[in-house]
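The values are calculated or read from the model by the stated rules, or taken from the named source; none is laboratory data. Every value quoted in this text rests on a predicted model; they were computed, and no experiment measured them. Neighbour counts are summed over all protein chains in view; Cβ atoms, including those assigned to glycine, are modelled from backbone coordinates with ideal geometry. Just the protein is used for accessible areas: all its heavy atoms, side chains included, with ligands, DNA and RNA removed. Shrake-Rupley method; radii C 1.70, N 1.55, O 1.52, S 1.80 Å.
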Amino acid sequence: MPCLARRRALTCTAALRVAHLRHSAYSTTSVLLSTPRRTSDFNSGYSSSYDPSQETGRGPIFNKHTFGVPQFYPRDLKRRVDDYVVGQDRAKKTICSVIFNHYQALRRRQHHELQDQHFREKLQRQKYAQDQDVFERAGYNGPRTHPVEDEFPGHQESLRGAFQIPESLYEPQADDFYIPEDFSMPNHVKIDKSNLLLIGPTGVGKTYILETLSKKLNVPFTISDCNSFTQAGYIGQDVESCIERLLIEANYDIKTAEHGIVVLDEFDKIAKRETINGRDVGGEGVQQALLKLVEGTKVTINIKDHRSSRTTNNPPGGYGPSNQQSTPPPGKVDQYTIDTTNILFVFCGAFVGLDKTVLRRVAKPSIGFGSEVRGRAASMAGSKDILPPEMYTHLPHQPALASGPASSGFTPLDLTTPADLQAYGFIPELIGRLHNICALTPLSLDELYRILTEPRNSLVAQYTALFETYPSKLFFTRRALYAIAEKAAKNETGARGLKMEMERVLAEPMFEAPTPYVLITEGCVHGTEKAGYWGKDGKLELERRMQEEDERRDSHAEAEVSFEQFREAGQSGA
């Protein structure tokens, strides 16, 4: 009896002590929560501690995402592209936003997968502990409970107890095909990717913008031509060859290749064709092969082992030291399985004649009573005065001050719909997977002049650096550059016409090199005079000639402005 009384007294004392500790902990926490965490000085930090056991709704650092904030935003990407590409502001904004959102969704998905993996591992550890507790209570003596099992392998049969864990506890039922929903796992919102379609005439910078972005992004990037694609089983390249190029660009790293960008150029060349006999294996057949590839599927690529090894330290052009490895025996083939779900596809094409389809749909008929007489459309999709500016108000990235379509830069191609693309020759299943349709505008005369001088890699800078290797110093007058831009605009080939004109104008100075100073004037561009050559002491004469021609250009521009004002005043008086 005395022993029993003493035990009861000890139990009561322990219960009182636990109750006192709980009361003191609760009172301390309430005091800490009632006091402010920060003083009036915001640079002094927190003035008290934080109790994680209490659900206060907001902790000291609030609810910041563990995967961090983005390192760049679409405006940062556009700022980098502006250094190399002139104009096309609306297209650059759309492209940068699509690429940014794609990789933001990819980062978010990776973060959620990591969280789910940690949560599953935690549940497995808890279930394992519960099963071990149940087995020990039931009397089962499993092999993992013996302390010397790992020290003496081979003696498991002798060390196991008389009771064995029944294997039927882990065997699933044969007729249990339905997996119940696990409400303990978090249900994340999945963000699907949005592919991009770029439409515009030749030479406006569709692929050049993407190439410039690829140099700023640390992801594999490849451009494939759709002209060589055919349906599987026919002569030509299969559609999966673009994924093979992406794998080569990623140095045969599957995880890196699954996060890359694939650009399919000349996309308009795979439109439906009217074939009298046989199948359209280069048009509709390629479109059908692109369906699952764009949406997301697993592609198996066979790579022969006698390829030359590519290392990340080697430049892409093949210059510099290379680490050559021994060639494996021929005939062996490696298989790579790549999931295209997270690969961003960008389609580019000129779509010649698509503007006529758009005009036929949106413009009023020109036959019958109450119809409007329309002028003849231009050959390129650059006729900006066909449709009224009210038809472009629903488009994104409107300019700040737009008094009309000429200042906004919109063209009929900006009004392209999936119905227009279907009429052009594309199947609706493929068009439905292109969520962003962006049209690029033709380059104006002022933009062509800016392309010659403003970008970091401008044509004037390129040819000036080329002449410095002779060695010679090359100079252009402003009238000469404007003349080159005017001739390039007449060629209707976009920025590609500038290089053609530069090669034509500089053909003789390149042959006559080396000369210390070379000057290209407006007469050289029009063919009325030869380029100016001076020796080492002719710099002053060169500067005088440049100043004289520029002043003549300024006076000519003032005369044109005064004549325009006089004509406008005459029209207003009439």
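The label-point distance for ASP133 and LEU445, in a model that sets each label 7 Å from Cα toward Cβ, rounds to 8.6 nm.
With a cut-off of 13 Å on the backbone N, no residue of the range 199-225 is near the modelled label site 7 Å out from ALA105 along Cα-Cβ. Taking 7 Å steps out from each Cα toward its Cβ at LYS272 and GLN288 produces label points 1.3 nm apart.
So how much slack lies between LEU114 and GLN126, counting 0.36 nm per residue of separation and subtracting their Cα-Cα distance, in nm?
Using 0.36 nm per residue and subtracting the Cα-Cα distance, I get 2.5 nm.
Hey, can you find the accessible area per residue of the range 403-478 for me, probe 1.4 Å, expressed in square angstrom?
Accessible area per residue: 43 Å².
Summarising the label geometry, the points placed 7 Å from Cα in the beta-carbon direction at HIS188 and HIS435 lie 1.7 nm from one another. Each peptide in 97-110, 455-468 was scored by the mean count of other Cβ atoms within 10 Å over its residues; highest first, the order is 97-110, 455-468. Less than 20 Å apart at the alpha-carbon level, and either on another chain or at least 8 residues along: which lysines does that give for LYS473? Within reach: LYS499, LYS530, LYS536, LYS539. Surface composition of the range 99-140: carbon plus sulfur atoms contribute 49% of the solvent-accessible area (1.4 Å probe, protein chains only, all chains present). Amide H contacts of PHE347 (H built 1.01 Å from N, in plane; Pro and chain starts excluded): LEU196, LEU197, LEU198, LEU264 sit under 5 Å, all sequence-distant by 5 or more or on other chains. Computed from backbone phi, the HN-Hα couplings of the range 511-522 come to 6, 7, 5, x, 10, x, 10, 10, 10, 10, 10, 5 Hz, rounded to whole numbers (Karplus: 6.51 cos²θ - 1.76 cosθ + 1.60, θ = phi - 60°; Gly and Pro given as x). Multiplying the residue separation of LYS356 and SER241 by 0.36 nm and subtracting their alpha-carbon distance yields 38.0 nm.
If you roll a 1.4 angstrom probe over the protein chains with everything in place, what fraction of the accessible area of the range 460-543 belongs to carbon and sulfur, to the nearest %?
Details: 2450 of 4460 Å².
Looking at the range 460-543 in its full context, I get 55 percent from C and S.
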